[in-house]
């Protein structure tokens, strides 16, 4: 792997404080690969041979069972996936595929585990990262179980608005079929949910969303940092 990628990887909190020699050792066995869109990178149930880092593009984490499929998360640069399987030396619980042309770092899982045992700072950072992932999973579960489909969509829009800097006009970066899956709906239910938010100040034109009444939407959605703030 080119050393020019090292600074990108070092920017991740999980690698930031580790010993320089251990980082160099970890990078020696790693490599970067470019993938076209819609390429499956890993399949659930397979051994976790590599820790992946998305440097550019985006990756869909999804799962399937009994003829059904659901989107679990979208990974954007610069992020790792799936860390827990790497550390536990367990099969992947999700599959992953590129959504667009993507550049991905592959780090052998056995190297990650070996340095985890040797580098205390790296180990502490990994524990922190896994704890954050656990809290995110809990918040996602609360969102699905405590809210109606209309409330889930309303809060999703508010989260996207916040990420976009608070503008009243935002654009969905996720196709509606995948968004429906992520929110636990069918595409038909998602379409009805968008119409159901019109009285609360939301208009939709294709992938463009316009929030015309911020207070009314927030009053209906009742956003909570214990569900919607994934940074805590």
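Bear in mind these aren't lab numbers, they're just calculated from the coordinates by the rules spelled out. These numbers were taken from a predicted model, which means no experiment stands behind them. Note that each Cβ is placed from the backbone with ideal geometry, even for glycine, and that neighbours are counted across all protein chains shown.
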Item to complete: Describe numerically, in nm with one decimal, the distance between label points set 7 Å from Cα along Cα→Cβ at residue 100 and at residue 39.
Response: 1.7
Item to complete: With a point put 7 Å past each Cα toward its Cβ, work out how far residue 11 is from residue 123 in nm, to one decimal.
Response: 3.0
Item to complete: Using R₀ = 22 Å, calculate the FRET efficiency as 1/(1 + (r/R₀)^6) where r is the Cβ-Cβ separation of residue 164 and residue 144; round to 0.05.
Response: 0.40
Item to complete: Going by C-beta contacts inside 10 Å, put 129, 100, 188 in order with the fewest on the left.
Response: 188, 100, 129
Fill in: Value of relative contact order over segment 148-228, rounded to a whole percent, pairs C-alpha under 8 Å and six or more apart
36
Fill in: Relative contact order [Cα under 8 Å, 6+ residues apart], the chain, whole percent
19
Fill in: Fluctuation leader among 196, 165, 67 - the chain, Gaussian network, Cα springs under 10 angstrom
67
Fill in: Near-label residues of segment 59-102 by backbone N, under 19 Å of a point 7 Å along Cα→Cβ of residue 113
81-94
Discussion item. Rounded to whole Å, give me the distance from the Cα center of segment 13-33 to that of segment 40-80.
Written reply: 22
Fill in: Global geometry of segment 148-228, whether rounded, prolate or oblate, following the gyration tensor of its Cα atoms and the 1.5 cut on a/c
rounded
Practice prompt. For volume of the Cα convex hull per residue in Å³, several values are listed as [x] 130; [y] 141; [z] 149; flag the one computed from this structure.
Written response: [x]
Practice prompt. Subtracting the Cα-Cα distance from 0.36 nm times the residue separation, let me have the gained length for residue 207 to residue 65 in nm, one decimal.
Written response: 48.2 nm
